[in-house]
Amino acid sequence: MSSLVSRRSFLTGLSLLGVSAVAACAQLPKQSLDLAGSQDAIPADKPAPAPVETAAPARPDYISMYQAVEEDGYRLPAIPFAKVNEKFLRQVVDDPTGEKPGTIVVNTVDKFLYLVQKNGKAMRYGVGLGRQGYSWKGRAIVQWKRKWPTWTPPSAMISRDPKLEKWRQGMPPGVHNPLGSRALYIFQGGVDTLYRIHGSPDWNSIGKSASSGCVRMFNQDVMDLYERVPGKAPLLVI
């Protein structure tokens, strides 16, 4: 009889040991165990709440920004912005300059122009740079601005390209004028630096280095900048 009891006790012990071993391998995470013992646990047949989705930032309306423009008898073609690296398209960004609002900052390395705004933001434009665009650095002011400016090639440029002789006294405004639809003239200490921020009919030069010119912008972008910049706006070229 004692032998039978001992055998039953032995088998019962094995059975309990097996259950404990299985339970240990399949143990739920502590969080699940806590939920299982809580009255607030979600029933198995009730669907879990859907995750909250955060709306993506709205993409700038590049179609409107870079559409064809008619003004003062001139017609600017639309910019094929889909062929441009998006980082060079007009957009609001966090201000990396630390300058006061209203300041224009030209970064000649990254080929960006920033117009510093309030609340730590800046309007960023892509630019192209010619030889003159790399030749000057420092602080200055926008002495004046011009709509549909006349372009007068420097004598050195005429010497290199005699075909420009006909424009020695100035090339009339127009869509093919190298200064484009707008120009900002930069002075330092009351002296013309010969540095210009201007539009360009060559949209494909934005974000690149060119053979001539200063700071080139899409015509549609320089028109936008023109309206935002007050007279005597400070400028920093780095």
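Computed from the coordinates by the stated procedures, all read-outs in this text should not be read as laboratory data. Since the structure is predicted, the reported quantities are computational estimates derived from the model, not experimental observations. Methodologically, a virtual Cβ is constructed for each residue, glycine included, from the backbone with ideal geometry; neighbour enumeration extends over all protein chains shown.
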For A82, state whether it is within 16 Å of N204 (Cα to Cα) and free of Cβ contacts under 8 Å to residues at least 12 places away in the same chain.
yes
Test result for A156, free of Cβ contacts under 8 Å to residues at least 12 places away in the same chain and of a type in the set (A, V, I, L, M, F, W, C):
yes
If you take the residues of region 147-182 that are part of a loop (DSSP other than H, G, I, E, B) and within 26 Å of the chain's Cα centre (by Cα), which of them is surrounded by the fewest Cβ atoms within 10 Å (Cβ to Cβ)?
P178
Kindly evaluate A140 against the criterion of being closer than 18 Å to L184 by Cβ, among the aliphatic types (A, V, I, L, M) and not in a helix (DSSP H, G or I).
yes
Report yes if P230 is in a loop (DSSP other than H, G, I, E, B) and under 17 Å from I104 (Cβ atoms), otherwise no.
yes
Pairing a residue in region 161-175 that is in contact (Cβ under 8 Å) with a residue 24 or more places away in the chain with any residue that is surrounded by 10 or more Cβ atoms within 10 Å (Cβ to Cβ) and in a helix (DSSP H, G or I), where Cβ atoms lie under 9 Å and the two sit 6 or more apart in sequence or on different chains, gives V175/N219
Subset of region 53-108, residues hydroxyl-bearing (S, T, Y) and surrounded by 10 or more Cβ atoms within 10 Å (Cβ to Cβ), comes to Y62, Y66, Y74, T97, T103, T108
Could you tell me how many of the residues in region 189-198 are surrounded by fewer than 23 Cβ atoms within 10 Å (Cβ to Cβ) and within 29 Å of the chain's Cα centre (by Cα)?
4
Of the residues in region 132-146 that are in contact (Cβ under 8 Å) with a residue 40 or more places away in the chain and crowded, with 16+ Cβ neighbours inside 10 Å, the one that is nearest to V215 (Cα to Cα) is G133
For the condition out of contact with any helix residue (DSSP H, G or I) (no Cβ under 9 Å at 6 or more places or on another chain), assigned to a strand (DSSP E or B) and touching a residue at least 12 places away in the same chain (Cβ under 8 Å), what is the one hit in V106, V92?
V92
